[in-house]
């Protein structure tokens with residue numbers, strides 16, 4: 001059985017975590033497989049949006065603790081695991097495609113980190129999120145990196161220090177997810193969001209995503225310095241010229257970068 005599956009449906013690809021028995025735990029082989037598939041997606045000019053989802057009762061329960069207490073789990077093994085996982089999370093931001101997490105069941109520890117590391121997230125009403133490492137003496141240090149950047153210091157610290165489950169509605173209110181929908185509508189609602197994004201220029205989506213993450217942690221003045229140059233360069237791009245011309249001419253744009 002493949003623990004990670006990549007499926008393509010036109011301009012939208014699905015990265016599927018496929019080990020329900022472990023609640024789609026992020027073992028080292030799983031993380032390495034995800035990285036391989038992300039590289040495939042990055043090289044595919046036909047894909048504009050990537051949906052990350054899990055099979056079985058949960059989205060992702062984080063790392064498999066059995067791997068972390070195994071006899072061979074020494075300093076080197078732990079460093080390799082978390083270094084590879086951090087590389088995978090960063091790759092989600094570097095990917096030229098927009099990444100949407102489709103969340104059902106639980107997303108805990110590194111699974112919650114995965115949701116926070118995606119560009120957007122859609123959750124079902126019963127989804128729950130937690131960084132519960134504190135309960136077993138293992139503070140969720142790596143999950144906190146994208147989490148605090150998405151929901152802010154106070155909320156992130158509450159999750160990290162209490163380990164409690166946050167409901168889908170709280171996650172929506174806090175900005176961890178973009179939409180909460182009924183479970184039976186989760187695939188359709190996620191696909192509708194993906195299709196609306198995929199209708200735009202591939203160049204513009206990739207340019208905009210890179211620009212967003214390049215400025216988001218800068219101070220305001222530095223962010224404006226970056227953004228004003230970015231938009232100047234964007235204005236000169238073929239698809240921007242086509243889009244503006246189409247608006248003036250009251251017609252649908254024909255993207256060069258489909």
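The values are calculated or read from the model by the stated rules, or taken from the named source; none is laboratory data. Bear in mind that the values here come from a model prediction, so they are computed numbers and not experimental data. When we count neighbours, we look across all protein chains shown, and the Cβ atoms used for this are built from the backbone with ideal geometry, even at glycine.
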**Item:** Single condition residue 173 does not satisfy, out of (1) outside any helix (DSSP H, G or I); (2) assigned by TED's automatic domain parsing to the domain that holds residue 125
**Value:** (1)
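Kindly indicate whether any position in the range 121-139 is assigned by TED's automatic domain parsing to the domain that holds residue 33, within 20 Å of residue 29 (Cβ to Cβ) and in contact with a helix residue (DSSP H, G or I) (Cβ under 8 Å, 6 or more places away or on another chain). Working first, answer last.
As a first pass, look at the range 121-139 and keep what is assigned by TED's automatic domain parsing to the domain that holds residue 33: 121-139.
Okay, now just the ones that are also within 20 Å of residue 29 (Cβ to Cβ), so none.
No.
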**Request:** Examine the range 159-179 for a residue that is in contact (Cβ under 8 Å) with a residue 60 or more places away in the chain and either surrounded by fewer than 16 Cβ atoms within 10 Å (Cβ to Cβ) or more than 17 Å from residue 125 (Cα to Cα) (or both), and state whether such a residue exists.
**Result:** no
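Looking at 237, 206 in this structure, which one is under 26 Å from the mean Cα position of the chain (by Cα), at negative phi and in contact (Cβ under 8 Å) with a residue 12 or more places away in the chain? Don't jump to the end; show me each part of the working.
On the way: 237 fails: under 26 Å from the mean Cα position of the chain (by Cα).
One residue alone meets the criteria, 206.
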**Message:** Looking only at the range 180-190, filter to residues that are buried (at least 19 other Cβ atoms within 10 Å of the Cβ) and in a helix (DSSP H, G or I); which one of those is farthest from the chain's Cα centre (by Cα)?
**Reply:** 186
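Any residue that is assigned to a loop (DSSP other than H, G, I, E, B) and over 18 Å from the mean Cα position of the chain (by Cα) - is there at least one of those in the range 220-232?
no
Taking strands (runs of 3 or more DSSP E) that fall entirely within the range 1-95, which contain at least 2 residues that are touching a residue at least 12 places away in the same chain (Cβ under 8 Å), touching a helix residue (DSSP H, G or I) at 6+ places or on another chain (Cβ under 7 Å) and farther than 20 Å from residue 124 by Cβ? If you could, list the steps in order and put the result at the bottom.
Working: elements: 4-9, 12-17, 49-54.
The qualifying strands (runs of 3 or more DSSP E) are 4-9.
In this structure, does residue 240 turn out to be touching a helix residue (DSSP H, G or I) at 6+ places or on another chain (Cβ under 8 Å), part of a helix (DSSP H, G or I) and modelled with pLDDT under 95?
yes
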**Request:** Six or more apart or on different chains, Cβ under 7 Å: which pairs go from a residue in the range 143-156 that's farther than 16 Å from residue 213 by Cβ to one that's surrounded by fewer than 22 Cβ atoms within 10 Å (Cβ to Cβ)? Could you list them?
**Result:** 144/160; 151/174; 151/175; 155/174; 156/144; 156/148
